[in-house]
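Visitor: I have a structure I would like to understand better, so I am pasting it below and will then ask my questions one at a time.
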Amino acid sequence: MTMKYFLFILIFFSAFSCMEPNNENLWNLNKIAGIDTEGYCRDVYVSGDSVFVAAGQAGIQLWDISTITSPRLVWKRSLSDLGLNKEISQVEYKSSIRQLFALESNERPIHIDLSIPDSVNVLGQFSSEKTKEFRVKTNNTNSFTVYAADNDDGLKSSTFEYDSFYKLWFNTSGNEISSIGNPNGIDIISDLIVLTLDQLGIQAFQYENSIINSLYHIDLPGNARAITISDTDEYYVACEDEGAFKIISNYPDHAPVKMQFGEDLYVTHVAIFSNQIALSCAANGISLYDRISNDNIESRGIHNIGYVYHAEFYNNYLFAASREGLQIFQID
């Protein structure tokens, strides 16, 4: 064997040894349970032992996870049961008032009363069409407000109050606030409301004394699709082809600080629990990250569990809404 050939072999194996993944710091996803939701599982909302599922073309489902390894179907409602035509893309439940809310994709939110045991009472749709996402805030046991990211008209609010005489919820007031772009995502914490505006980044609003005012706008690369607020000045934004961003707003004293991560991934949603971050990456599954410090986020591996729309942490479990149904994991 000539020295030249020997050096070629040495370089070849050295190069490929460098391509081996470093498994030392990777996190494992241990599957606890899987639920066949019939339709694509588009969204999940967990409240105690109750798991509400937006099952796409299969409508809405409620599952009991008191035995986490063996979820039990409590009830399901098809699109025809709900009087709808398009798939269900979002669900949110408020246990203090026992009201369920869902979204017919790109249409209007749906209000469902679950206050009577073993009863699912569909009260109808409200707000406006082109709603991309919404959040519900309870004002007291007899009142709630729904904030909607309306892709045509900006930020919309609808307040409902319960009339004990008629035993009905009435829409008593509403508001419409223009945004600098067309909203497609929303999140709320305390009196802070933040919209994602596709190619125009995010816009923050403040609700104070029954008035909503615009606070500031932050531009971002890519298409800002979904936002998760972890604190009043710390946000995580899914920016599709540009991955995800952690933003420290620093409002009103300083310019915002932006930290990009997962930039080689297509990200549709960011879920956070303590130091754990889960990126929903569509066809690439789930990508996990470790929030080491305020300025250091490290990758802990990509897990191909199917096409993932959305994920949520709850009680040390990770719930992944995917085309393969609802999947429940623990991270090791």
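What follows draws every value from the coordinates through simple rules; no lab data is involved. This is a predicted model, so every value here is computed, not measured. No Cβ is skipped: glycine too gets one built from the backbone with ideal geometry, and neighbour counts run over all protein chains shown.
Visitor: Looking at segment 131-154, is at least one residue part of a loop (DSSP other than H, G, I, E, B), over 24 Å from His269 (Cα atoms), touching a residue at least 12 places away in the same chain (Cβ under 8 Å) and touching a strand residue (DSSP E or B) at 6+ places or on another chain (Cβ under 6 Å)?
Guide: Our first condition is that a residue be part of a loop (DSSP other than H, G, I, E, B); within segment 131-154, this holds for 141-142, 151-153.
Now restrict to residues that are over 24 Å from His269 (Cα atoms): 141-142.
Applying the additional criterion that residues be touching a residue at least 12 places away in the same chain (Cβ under 8 Å) yields 141-142.
The next check asks that each one be touching a strand residue (DSSP E or B) at 6+ places or on another chain (Cβ under 6 Å); those that pass are 142.
Checked against the condition, which is being part of a loop (DSSP other than H, G, I, E, B), over 24 Å from His269 (Cα atoms), touching a residue at least 12 places away in the same chain (Cβ under 8 Å) and touching a strand residue (DSSP E or B) at 6+ places or on another chain (Cβ under 6 Å), segment 131-154 yields at least one hit.
Visitor: OK, next. Is there a residue being touching an Asp or Glu at 6+ places or on another chain (Cβ under 9 Å), surrounded by fewer than 20 Cβ atoms within 10 Å (Cβ to Cβ) and within 28 Å of Ser50 (Cβ to Cβ) anywhere in segment 307-320?
Guide: So far as segment 307-320 goes, yes, one or more of its residues are touching an Asp or Glu at 6+ places or on another chain (Cβ under 9 Å), surrounded by fewer than 20 Cβ atoms within 10 Å (Cβ to Cβ) and within 28 Å of Ser50 (Cβ to Cβ).
Visitor: Being within 20 Å of Glu133 (Cβ to Cβ), touching a Phe, Trp or Tyr at 6+ places or on another chain (Cβ under 8 Å) and in contact (Cβ under 8 Å) with a residue 60 or more places away in the chain: is that true of Tyr317 here? Give the steps one after another, and end with the answer.
Guide: Values: within 20 Å of Glu133 (Cβ to Cβ): no; touching a Phe, Trp or Tyr at 6+ places or on another chain (Cβ under 8 Å): yes; in contact (Cβ under 8 Å) with a residue 60 or more places away in the chain: yes.
It is false that Tyr317 is within 20 Å of Glu133 (Cβ to Cβ), touching a Phe, Trp or Tyr at 6+ places or on another chain (Cβ under 8 Å) and in contact (Cβ under 8 Å) with a residue 60 or more places away in the chain.
Visitor: Another question, if that's okay. Can you name every residue in segment 97-130 that is touching a His at 6+ places or on another chain (Cβ under 9 Å) and assigned to a strand (DSSP E or B)? So that I can check it myself, show each step before the final result.
Guide: Filtering segment 97-130 for residues touching a His at 6+ places or on another chain (Cβ under 9 Å) gives 99-102, 122-126.
Result: Gln99, Leu100, Phe101, Ala102, Val122, Leu123, Gly124, Gln125.
Visitor: Right, next: Which of the residues belonging to segment 121-160 are under 16 Å from Asp191 (Cβ atoms), surrounded by 17 or more Cβ atoms within 10 Å (Cβ to Cβ) and among the hydroxyl-bearing types (Ser, Thr, Tyr)?
Guide: Answer for segment 121-160, where residues must be under 16 Å from Asp191 (Cβ atoms), surrounded by 17 or more Cβ atoms within 10 Å (Cβ to Cβ) and among the hydroxyl-bearing types (Ser, Thr, Tyr): Thr145, Tyr147, Ser157, Thr159.
Visitor: Just wondering, is there one or more residues in segment 231-251 that are surrounded by 19 or more Cβ atoms within 10 Å (Cβ to Cβ), touching a His at 6+ places or on another chain (Cβ under 9 Å) and polar (S, T, N, Q)?
Guide: no
Visitor: Now, a different point. Inside segment 43-70, can you point out the residues that are surrounded by fewer than 21 Cβ atoms within 10 Å (Cβ to Cβ), assigned to a loop (DSSP other than H, G, I, E, B) and not small (Gly, Ala, Ser)?
Guide: Of everything in segment 43-70, those that are surrounded by fewer than 21 Cβ atoms within 10 Å (Cβ to Cβ), assigned to a loop (DSSP other than H, G, I, E, B) and not small (Gly, Ala, Ser) turn out to be Asp49, Gln57, Thr67, Ile68, Thr69.
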